[in-house]
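Just below is one structure, and these are the notes that go with it.
Rule-based calculations on the coordinates, nothing more; no lab input. What you are looking at is a predicted structure, and each value in this text was computed from that prediction instead of being measured. Glycine also receives a Cβ, built like all others from the backbone with ideal geometry; neighbour counts cover every protein chain displayed.
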Amino acid sequence: YQKSTDLSNFTTLEPSPTSQSLFPELQDLSTSLELVSKSDPKLLNEMCENMILGAEYVFSWKGNMISNVTLLVTVGNVPLDSPATLTQRFSATFINSVTDHPPTVTWSGNPGYQIGKPVLGAFENGKTLQKAPVSIWQPVGNGLCSSAQTTSVLFGKDAISGCMLRLSVDNFANCSDLRTIVYKGLLNLVPGNISRRGNPNLTDLTEWVPLYKVSPNMSASVKEVLNGLCTGIPANLKLWFFTAVIGAIEGVPQREILASEVNFSTVTWQINCGGGDAEACQNHSLPQPFWVSTSVHFIQVPAEPEPKKTRFQMNYFEYDCSRNDVCWPELAFPLTRSYTGETYSQSIAQAMLLVIIFLVSAVLGDPWDKIRKAWNSTTFY
């Protein structure tokens, strides 16, 4: 059993209509967990103590038998004095005790990435790297960024997601600070380095590519003299991964990330006071929703450019009529049942007539003319 003092991953407080909401604070999960002995849940002074928050099952198997089962239960003290939503989390992992690695070692391919596996990232830690997830938002419940979870970016899978901030007029007092908050809040989702392959070495920096960051244009506009308006908000984060197939092992393509980039598109945010409802501008503590988004795009580039093919050149797609100017399988198309320009009997009759003309031309043509001349010039004794 382990006890968690940080309940942010399990509980979602019901927001007050007048409360602001920004990005979640970064938590050090290692300091919020401690090993405890098994104990039953109990209610004490509006506090549910030792309540089960999550359970992680790890099944070890060999052959067709399960050799070991490990269960890690997370408990915590949940207060009942304020309305909140509690989410219990359960997971199951199957490990081959002969070939697989422990659950702490996460690979996404060997060596190339497998489609659908998480993209691996890392932060620089001196001369080595420390693993970190490449994530996008996964909003749940009320859709606020402060309570949203994150999900891993999966290789080869384009995705888009977002969450909501609740801001009031007070947040628009300093547009430069607001831009910085949004910029850093989105940038916390991605580390500074991306693994080229699915089984990287943290001590070999050549197996990683830097995540190139394109700084957004967050310059102020003359429009910002208006109260409750800020321009150049980097509210949309875009992740680009450039991939290629670098070879194959036993016929399985091996995919690699060649480069990665993160950039932002900026928008203008303004407190809405129209429609005869000016309360949002008069009451500086009354928030309104503003959306931020994250998107992921994978672009596959050829390993090397293909040579140009001539019009009648045979290639590996010679029987694919959609990729060639000349379609050999349709040479006898008028003789097939799929041809609907004329009746089938007429098509056969016309084909037979062409065959007869060809035979007559062959018999009465140039070869037989040469034989006739040679016969007439021959003298028999």
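For the reader, a short list of remarks on this structure follows.
- Residue-wise HN-Hα coupling along segment 234-239, computed from phi with Karplus coefficients 6.51, -1.76, 1.60 (Hz; x: Gly, Pro): x, 8, 10, 9, 10, 9
- Rounded to whole numbers, the Karplus 3J(HN,Hα) couplings from phi for segment 60-77 are 9, 10, 8, x, 10, 9, 8, 8, 7, 10, 10, 10, 10, 9, 9, 10, x, 9 Hz, using 6.51 cos²θ - 1.76 cosθ + 1.60 with θ = phi - 60°, and x at Gly and Pro.
- Vicinal HN-Hα couplings computed from phi for segment 114-127 (Karplus, 6.51 cos²θ - 1.76 cosθ + 1.60; Hz; Gly/Pro x): 9, 4, x, 8, x, 6, 8, x, 7, 9, 6, 9, x, 8
- Residues whose amide H comes within less than 5 Å of that of ASN193, counting only those at least five positions distant or on another chain, are ALA122, LEU211 (H built at 1.01 Å from N in the peptide plane).
- Alpha-carbon Rg/Rh ratio, for segment 115-172, with Rh computed the Kirkwood way: 1.13
- Links that overshoot a 27 Å alpha carbon limit, given the list LYS3/LYS184; LYS38/LYS131; LYS42/LYS131; LYS157/LYS213; LYS62/LYS127; LYS38/LYS117: LYS3/LYS184; LYS38/LYS131; LYS42/LYS131; LYS62/LYS127; LYS38/LYS117
- Loop-located GluC sites (Glu not before Pro) across segment 44-94 with a Cβ neighbour count of 16 or fewer within 10 Å are GLU46, with loop assigned by DSSP.
- For THR243, the residues whose amide H sits under 5 Å from its own are LEU258, ILE299, GLN300, VAL301, ignoring neighbours fewer than 5 places away on the same chain, with H placed 1.01 Å from N.
- Amide H partners (placed H, <5 Å) of GLY54, local residues excluded: THR74, ARG89
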